[in-house]
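Visitor: Just passing along the structure, written as structure tokens.
The values are calculated or read from the model by the stated rules, or taken from the named source; none is laboratory data. Values in this document were obtained by computation on a predicted structure and should not be read as measured data. Neighbour counts are summed over all protein chains in view; Cβ atoms, including those assigned to glycine, are modelled from backbone coordinates with ideal geometry.
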Ligand code: GLC
């Protein structure tokens, strides 16, 4: 498959040139002045010479057709064999047109729209000169303290796998070589980065092989099976060994067991960080362990450049292993058509036409509408066009609604909530805007202005939340409530005795004490992207009926974390009915249940479930089951319901979760309309990893749950025989 690449390039390359192909440098190393390059890790003086730079294999964080073409041209002029650079960057949820953060997209449960968002992101990135995106991130997350939950699609393995596949398909399409509007996907972070202890970024991860394979690996596997061209290593340890230096994980499982033969790239400086982990004496040993683990690209350190030559000279690394890594990188360049056309899709004129174009922004707005989740509504929303509204809070007039990974997005052009509400309402004068407070500051003057704005209003809408840098990488929080200044503003507004709605802009599930118990309505907007204000205004005024459903639980408080719907029963489960029995699995000061469960979300209409039935009460491996339910829109407004199917294995060789999402359908229903929804249940959906890691089903009793969330379901039982 790569013999021609070996014959044309590798056999003519010096060892230093081969090793330089394994080096990835960040934009500033290409004399990129200014702040439009992406620096996402500890930049350090790498001390490389110009020969090494000219022979480097890839660059991170350069975008812009003109810029890329200039850098590529200069690189080719200096590269002895004319091997082009690979241009990579984090296009996680949009390039210039920023979509809602992935955690919000996870709440849309709309796989097609998610795929379309990735396709648009790829189109804008490719025309701007990029070849690879460091996405999708499919880390399973169960700890809202971790800042990077915003980058995942949530707490469910199956849903994350479905979104991972959709994103890969959107980014890559079906033919990277011919379709220059796509980019290669790099699934990350392999593996189990989301299990960082205490929700503290980069912290220790420790779990059983069975947990790893049952819950944390399937979404990476799904993305790889969907064709992801690259995998990025995670910063954490797995089974006690840093992933980046973990032969068993990276070669044994990823390459040998799963058959992945694409490029593996370290996360930023992760090879060198094997030393800090305490799993390498020095940089040389870190390089030795990483290359033996099948890590092809060293992102932003010189571990490989400085030490692989001597490791080869000492016979500790076989040059063939280096050739293998170089060939995988050259194969990716070939797949992208870079040898025929090193400029690939870069096109300055087309870039002007399509980047941030109206068509793309309309899709972003649609996805923001579908990603927002109505958490509470006691007859306050939707607003009436002629109502006098006071819009108050740090997000009333803020462009900080793009989220952490919005590198080339523009806060300045982000559509703000206040201006949008004034447009959508019957008369702009109906919406009076006041800041009320800062993210974590409350001044007398701001409060006075807010009280003045609220005094003339019929309804108060508070736009509150986290600044975008309070989540994302390095953004872990130990206290996941809103800052006290904002809670104080809520209390002051509540005293006015007027209908009170809250719109939340945040990158994680929050502890909503002081919000959920005080407000009459709560709309979760997450970081909704470039068109966020317009999407939210349409929802607030009822032009759009919210349909988002939580893909991550909102804990009752931070003390409950980790809290997730597909937990194990324990030997002393807390009964549903009240009990004074102390000796059960419970807290003595808070409930066990999250404030808001996985799959939850309200609508401006109501839906009823009826006639739930199974086609049989027994099933075999060759005779699947059908589950049917009729859903009716019993309200007065058209709406979209996400009908969810969960299954519980009542008794396994190992314990099994009390519920597991296995399928879902989105149905759009007009008022009064009914729809029968049919799910097919196959034996393969009942398989799980046993204690010996065998992946099979067990005969026995199963319960099927169908409903509007992981909490609100109807159930029926069947036997697998
Ligand atoms: C960061 C992130 C990773 C990102 C990479 C390049 O440290 O962990 O997700 O893709 O560096 O920016």
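Visitor: Test residue 283 against the stated conditions and say whether it is over 28 Å from residue 30 (Cβ atoms) and away from the ligand (no atom under 16 Å from the Cβ).
Guide: no
Visitor: Give the number of residues within the range 485-512 that are closer than 22 Å to residue 594 by Cα and assigned to a helix (DSSP H, G or I).
Guide: Of the residues in the range 485-512, 1 are closer than 22 Å to residue 594 by Cα and assigned to a helix (DSSP H, G or I).
Visitor: Within the range 131-140, is there a residue that is crowded, with 24+ Cβ neighbours inside 10 Å, closer than 25 Å to residue 264 by Cβ, more than 18 Å from the chain's Cα centre (by Cα) and modelled with pLDDT of 95 or more?
Guide: Step one: of the range 131-140, the residues crowded, with 24+ Cβ neighbours inside 10 Å are 131-140.
Now narrow it down to the ones that are closer than 25 Å to residue 264 by Cβ: 131-140.
Next, only the ones that are more than 18 Å from the chain's Cα centre (by Cα) stay: 131.
Then keep just the ones that are modelled with pLDDT of 95 or more; that gives 131.
Yes.
Visitor: In addition: Report the residue count in the range 144-167 for those that are part of a loop (DSSP other than H, G, I, E, B) and either within 14 Å of the ligand (Cβ to nearest atom) or under 19 Å from residue 659 (Cα atoms) (or both).
Guide: Total satisfying the criteria: 6.
Visitor: Take residue 456 and decide whether it is away from the ligand (no atom under 16 Å from the Cβ), in contact with a strand residue (DSSP E or B) (Cβ under 6 Å, 6 or more places away or on another chain) and more than 15 Å from residue 513 (Cβ to Cβ).
Guide: no
Visitor: Checking residue 698 against (1) over 20 Å from residue 373 (Cα atoms); (2) in a loop (DSSP other than H, G, I, E, B); (3) within 27 Å of the chain's Cα centre (by Cα), only one condition comes out false. Which one?
Guide: Result: residue 698 passes all but (3).
Visitor: Moving on to the next point. Taking residue 320, is it more than 16 Å from the ligand (Cβ to nearest atom) and touching a helix residue (DSSP H, G or I) at 6+ places or on another chain (Cβ under 6 Å)?
Guide: So residue 320 fails the test.
Visitor: Same structure, new question: Can you find even one residue in the range 112-126 that is more than 14 Å from the ligand (Cβ to nearest atom), assigned to a loop (DSSP other than H, G, I, E, B), at pLDDT 95 or above and surrounded by 24 or more Cβ atoms within 10 Å (Cβ to Cβ)?
Guide: no
Visitor: Can you name the condition, by its number, that residue 206 falls short on among (1) within 30 Å of residue 659 (Cβ to Cβ); (2) more than 16 Å from the ligand (Cβ to nearest atom); (3) part of a helix (DSSP H, G or I)?
Guide: For residue 206, the failing item is (3).
Visitor: Pick from 179, 201: which is within 16 Å of the ligand (Cβ to nearest atom) and either buried (at least 24 other Cβ atoms within 10 Å of the Cβ) or in a loop (DSSP other than H, G, I, E, B) (or both)?
Guide: 201
Residue-wise test of (1) at pLDDT 95 or above; (2) more than 26 Å from the chain's Cα centre (by Cα); (3) surrounded by 21 or more Cβ atoms within 10 Å (Cβ to Cβ); (4) within 16 Å of the ligand (Cβ to nearest atom).
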position: 401; (1), (2), (3), (4): yes, no, yes, no
position: 413; (1), (2), (3), (4): yes, no, no, no
position: 420; (1), (2), (3), (4): yes, yes, yes, no
position: 438; (1), (2), (3), (4): yes, yes, no, no
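Visitor: Looking at residue 170 and the list (1) assigned to a helix (DSSP H, G or I); (2) more than 16 Å from the ligand (Cβ to nearest atom); (3) within 12 Å of the chain's Cα centre (by Cα); (4) crowded, with 24+ Cβ neighbours inside 10 Å, which single condition is not satisfied?
Guide: (3)
Visitor: Can residue 139 be described as more than 24 Å from residue 640 (Cβ to Cβ) and either away from the ligand (no atom under 16 Å from the Cβ) or assigned to a helix (DSSP H, G or I) (or both)? Explain how you work it out, then say what you get.
Guide: Working: more than 24 Å from residue 640 (Cβ to Cβ): yes; either away from the ligand (no atom under 16 Å from the Cβ) or assigned to a helix (DSSP H, G or I) (or both): no.
So residue 139 does not fit the description; no.
Visitor: Go through 472, 429, 438, 409 for me and flag whichever is in contact with a helix residue (DSSP H, G or I) (Cβ under 9 Å, 6 or more places away or on another chain) and in contact (Cβ under 8 Å) with a residue 60 or more places away in the chain.
Guide: Just one listed residue meets the conditions, 472.
Visitor: Any residue at all in the range 629-645 that's assigned to a strand (DSSP E or B), within 18 Å of residue 657 (Cβ to Cβ) and within 32 Å of the chain's Cα centre (by Cα)?
Guide: Within the range 629-645, one or more residues are assigned to a strand (DSSP E or B), within 18 Å of residue 657 (Cβ to Cβ) and within 32 Å of the chain's Cα centre (by Cα).
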